[in-house]
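Participant: Shown below is the structure under consideration.
The values are calculated or read from the model by the stated rules, or taken from the named source; none is laboratory data. What you see is a predicted model; the values in this text were computed from it and never measured. Note that each Cβ is placed from the backbone with ideal geometry, even for glycine, and that neighbours are counted across all protein chains shown.
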Amino acid sequence: MTESYLWWRDGVIYQIYPRSFMDSNGDGIGDLRGIISKLDYVASLGVDAIWLSPINVSPMRDFGYDVADYENIDPSFGTMQDFELMLSEAHQRGLKIMLDLVINHTSDQHAWFKESRSSRDNPKADWYIWKDQIPNNWAGAFGGSGWQWDEKRKQFYFHAFLKEQPDLNWRNADARRALMDVMRYWFSKGVDGFRLDVVNAYYKDAQFRSNPRPFSLNPFKLGSPFLAQTHLYDRDQPELHDAYREMRSITDSYPERAMLGEMLGDDPTRLTRYTDHDQLHLIYSPAPTETAWRPDHFHKLISAWDAATASNPEARVCYLLSNHDRPRHVSRYGNDSLAMQRAKVAAMLLFTLRGTPSIYMGEEIAMPDAKLSRSELQDPASKTYYPFYNRDGARTPMQWAPLPHAGFTNGKPWLRVGETYQTINVANQNEYPDSVLNFYRALMRFRKGSLALRRGAFSMIEQKSRDVLMYQRKIGDRRLVIALNFFAREAVAQLPKGKWKRVFPTRIGGDTVEGALRLTPFEASIYEESDH
Ligand code: GLC
Ligand code: CA
């Protein structure tokens, strides 16, 4: 096993939602110059790469996930000069930049769609998915049918998300070529990689068959045709593999670039087939963001993903607990007086799994969701599904300091700052050695120095206690054991055979332990086999 370090395989990704990170000009919207002003902070965390949610020109119906021009920057975020400055400033600090590439669909304001809808025989007529009649039951993830009538063309087009986000037709070679050119365009500028939005939805069934709709009394499924369907025909089509191979060969023609695919669905066996030496470098599924704070639930999730990945040494999974699409995990796990301690256990879990961790801006200070009322919501999907599904709570401005608007802007923020900002903010947590922020930093430092954590094999260590999760990471003859107590009471865990010494948090002059291990409430520690 070589000790080579690849940023996407060995490193940590930090997701920035640009609209809410830092506003440089007082218009209440985060921007690229704001990001530049906070790059020292990002570098201070010890992360390797930044994933930027979309910054392309967009009418912002889905806040950037509806792109109207792939090769320019939306004016609300700044200019191309700002972008180039950000890229070089990031590179100077050893940070890679990954752009969010949203090429399952465009905005209905994209020139391609305007042309496509203008007639049935224009050069781009076939770049989107047009039908005379609604051919099947495919639904839009944000509510209602996936098929939308277009008055101009007098046909229906398909959209997997909002009706303002028409799906591209990946079976059209010209459209595909144009999308590959977008990748080349940004790689040539020096961008290090892409986070590929809903990457397993690019292709749809060639025969347009209806999805099965299993009987269910689940109220969420009754309320949403999208959730009620088994997505057999509107995603995960066999043609994807060749598309990924083409994208991989483009990516590999530039040095040290990588692709991280966002997957719809939660079946690890199906999804890990998309990550390989000639397909995607990394994939992530939303499954960890939907797992309850229970050792048995994580046990099941992690074991399934690890088993699916283990059969392919080239496969690599990215794990994340929070992103811009779900309530933050601090809030999901119970936002009470114990939230900070729970956040540390969750961080230990995230940074010690076999995979690439991705953290979402603000999670490093255990920022909870803001409690927004319905009238404060901006996101159309959150408005539709309120109060069951709300993405805006996780999208409020980054809490920098106990200053007006949390130090995010001098103006009026586009989305209200969370009510916790006076106490939960970067400035406060910088001061305290025991803060969640400094815990994240220390953990990332430890991980960087540990080949076993970055590259080692994974195995569960079964426990009697239902409060504990314990697993091993092993490389060569070095073994680490990670012990997590999920709850606020003491617990007993059983170490594997051998003598163990705690290495994180470091215990000065600590003794070795064997056998039973007493865990304090919310203990999250790493032990190393001691005769090495
Ligand atoms: C992805 C994004 C989400 C967006 C959707 C449509 O799931 O993460 O924010 O709304 O795709 O592009
Ligand atoms: Ca701004």
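Participant: Suppose we filter PRO54, PRO59 for residues that are assigned by TED's automatic domain parsing to the domain that holds GLY193 and crowded, with 21+ Cβ neighbours inside 10 Å; which single one remains? Give the steps one after another, and end with the answer.
Facilitator: On the way: PRO59 fails: crowded, with 21+ Cβ neighbours inside 10 Å.
Criteria check complete, one pass: PRO54.
Participant: Among all residue pairs at least 6 apart or on different chains, which show Cβ distances below 6 Å where the first residue, located in the stretch 183-206, is at positive phi and the second is within 16 Å of ligand 2 (Cβ to nearest atom) and in a loop (DSSP other than H, G, I, E, B)?
Facilitator: none
For every residue, the table says whether it meets (1) more than 19 Å from VAL191 (Cα to Cα); (2) without any contact (Cβ under 8 Å) to a residue 40 or more places away in the chain; (3) touching a Leu at 6+ places or on another chain (Cβ under 7 Å).
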{"site": "GLY26", "(1), (2), (3)": "yes, no, no"}
{"site": "ASP31", "(1), (2), (3)": "no, no, no"}
{"site": "ASP62", "(1), (2), (3)": "yes, no, yes"}
{"site": "TYR70", "(1), (2), (3)": "no, no, no"}
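Participant: Still on this structure: What pairs can you find where one residue is in the stretch 504-525 and farther than 17 Å from PRO295 by Cα, the other is of a type in the set (S, T, N, Q) and in a loop (DSSP other than H, G, I, E, B), and their Cβ atoms are less than 6 Å apart, with a gap of 6+ or different chains?
Facilitator: THR512/SER530
Participant: Any chance the stretch 497-510 includes a residue that's within 32 Å of the chain's Cα centre (by Cα) and basic (Lys, Arg)?
Facilitator: yes
Participant: Report, by residue number, each residue of the stretch 400-413 that is crowded, with 19+ Cβ neighbours inside 10 Å and either out of contact with any helix residue (DSSP H, G or I) (no Cβ under 9 Å at 6 or more places or on another chain) or farther than 13 Å from ARG19 by Cα (or both). Even if it seems obvious, please write down each step before you answer.
Facilitator: Residues of the stretch 400-413 crowded, with 19+ Cβ neighbours inside 10 Å: 400, 405-409, 413.
Answer for the stretch 400-413, where residues must be crowded, with 19+ Cβ neighbours inside 10 Å and either out of contact with any helix residue (DSSP H, G or I) (no Cβ under 9 Å at 6 or more places or on another chain) or farther than 13 Å from ARG19 by Cα (or both): TRP400, HIS405, ALA406, GLY407.
Participant: Do we find a residue being in a helix (DSSP H, G or I), among the charged types (D, E, K, R) and in the same structural domain as LYS189 (by TED's automatic domain parsing) anywhere in the stretch 306-323?
Facilitator: Applying the first criterion (in a helix (DSSP H, G or I)) to the stretch 306-323 yields 306-310.
Add one more test, that the residue is among the charged types (D, E, K, R), and what stays is 306.
Adding the requirement that they be in the same structural domain as LYS189 (by TED's automatic domain parsing) leaves 306.
Yes: one or more hits.
Participant: Name the residue, out of LYS344, LYS371, that is closer than 30 Å to ARG416 by Cβ, part of a loop (DSSP other than H, G, I, E, B), modelled with pLDDT of 95 or more and not aromatic (Phe, Trp, Tyr). It would help to see each step written out before you state the result.
Facilitator: Values: LYS344 fails: part of a loop (DSSP other than H, G, I, E, B).
Every option except LYS371 fails the conditions.
Participant: Which members of the stretch 33-55 meet the condition of being closer than 22 Å to HIS405 by Cβ and either touching a residue at least 60 places away in the same chain (Cβ under 8 Å) or of a type outside the set (A, V, I, L, M, F, W, C) (or both)?
Facilitator: ARG33, GLY34, SER37, LYS38, ASP40, TYR41, SER53
Participant: Same structure again: Exactly one of (1) over 22 Å from PHE21 (Cα atoms); (2) within 28 Å of the chain's Cα centre (by Cα) is unmet by LYS131. Its number?
Facilitator: The failed condition is (2).
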